[in-house]
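The values are calculated or read from the model by the stated rules, or taken from the named source; none is laboratory data. Small disclaimer: the values here were computed from a predicted structure and weren't measured. FYI the Cβ positions are ideal-geometry reconstructions off the backbone, even for glycines, and counts take in every protein chain you see.
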Amino acid sequence: MNRRLFIGLLSFTLTCFAGERKQLPGQAGNDLVDLEASLIIGHDEITSALGGDIGEGYVLARVKVMPKGDKPLRVGPDDFTMISRKDGQRSTAMSPSEIAGKGALIVKHGTADGSKGGWSAGGMGGGLGSSPGTVQRDVIKGTQMDDNAKESPALAALTAKILPDKETKTPVEGLLYFSISGKLKPKDLAIVYKGEAGKLVMEFEPVKR
């Protein structure tokens, strides 16, 4: 075989395989947007990231959205949902007021077998929060607002650091807050984006070499 032809075929083959590499953890993209995310798991890590205590039962994600199209892309927290592949929990991104505002959510829990559950305060540190996420045997039956709750000092930090809701042609970055409880590792979680740029999934499973 002609030497130049052989080198050309080899280069083409390597390029094809390079294009088929598996998606890196915490990344996803298409022709309109690239996404990057890193997880903040554990009470101490979350408190350090926010500079305040919001209680137990949350996972945070630091997300960067990089639009690629010619037109501005609308992005915001409502575009993102977190899923636990470990136990089926699912949470849309929460607003700061749902976690630490005066009207923080109260979640009514029941069980999968239909037995009754009680009301528990979701959000706000200081012992008010029990696990607000939905799990297989602990099913959310409804929610109501706790009008008697006091505004948490963490509200300002949550508001300042959240991923902005805006139209943009330039990269934006910020935190997202999810109601996911339990002992979890990054590989147990996935973030689903569903917005103007379509649907993408960011997995956090380590890349196998």
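Please determine whether any residue of region 139-153 is within 16 Å of Tyr58 (Cβ to Cβ), modelled with pLDDT of 95 or more and surrounded by 18 or more Cβ atoms within 10 Å (Cβ to Cβ). No: zero hits. For region 73-88, a residue qualifies if it is under 20 Å from Pro186 (Cα atoms) and of a type in the set (A, V, I, L, M, F, W, C), and the qualifying residues are Phe80, Met82, Ile83.
Conditions first: (1) in contact with a Lys or Arg (Cβ under 9 Å, 6 or more places away or on another chain); (2) modelled with pLDDT of 50 or more. Gly55 passes all but one, so which condition is the exception? So the condition that Gly55 fails would be (1).
Within region 179-197, being assigned to a loop (DSSP other than H, G, I, E, B) and within 11 Å of the chain's Cα centre (by Cα) holds for Ser179, Ile180.
Tell me which residues, restricted to region 31-53, are closer than 30 Å to Lys71 by Cα, within 15 Å of the chain's Cα centre (by Cα) and not aliphatic (A, V, I, L, M). Within region 31-53, Glu36, Ser38 meet the criteria. You will find that of Arg85, Arg62, the residue that is within 26 Å of Ala197 (Cβ to Cβ), basic (Lys, Arg) and at pLDDT 95 or above is Arg62 and no other.
Taken over region 163-209, the criterion of being surrounded by 14 or more Cβ atoms within 10 Å (Cβ to Cβ) and hydroxyl-bearing (Ser, Thr, Tyr) is satisfied by Thr168, Tyr177, Ser179, Ser181, Tyr193. Return the pair list, or none, for Cβ contacts closer than 9 Å from residues in region 165-179 that are hydroxyl-bearing (Ser, Thr, Tyr) to residues that are part of a strand (DSSP E or B) and at pLDDT below 95, at least 6 apart or on different chains. Filtered contacts from region 165-179: Ser179/Leu105; Ser179/Val107.
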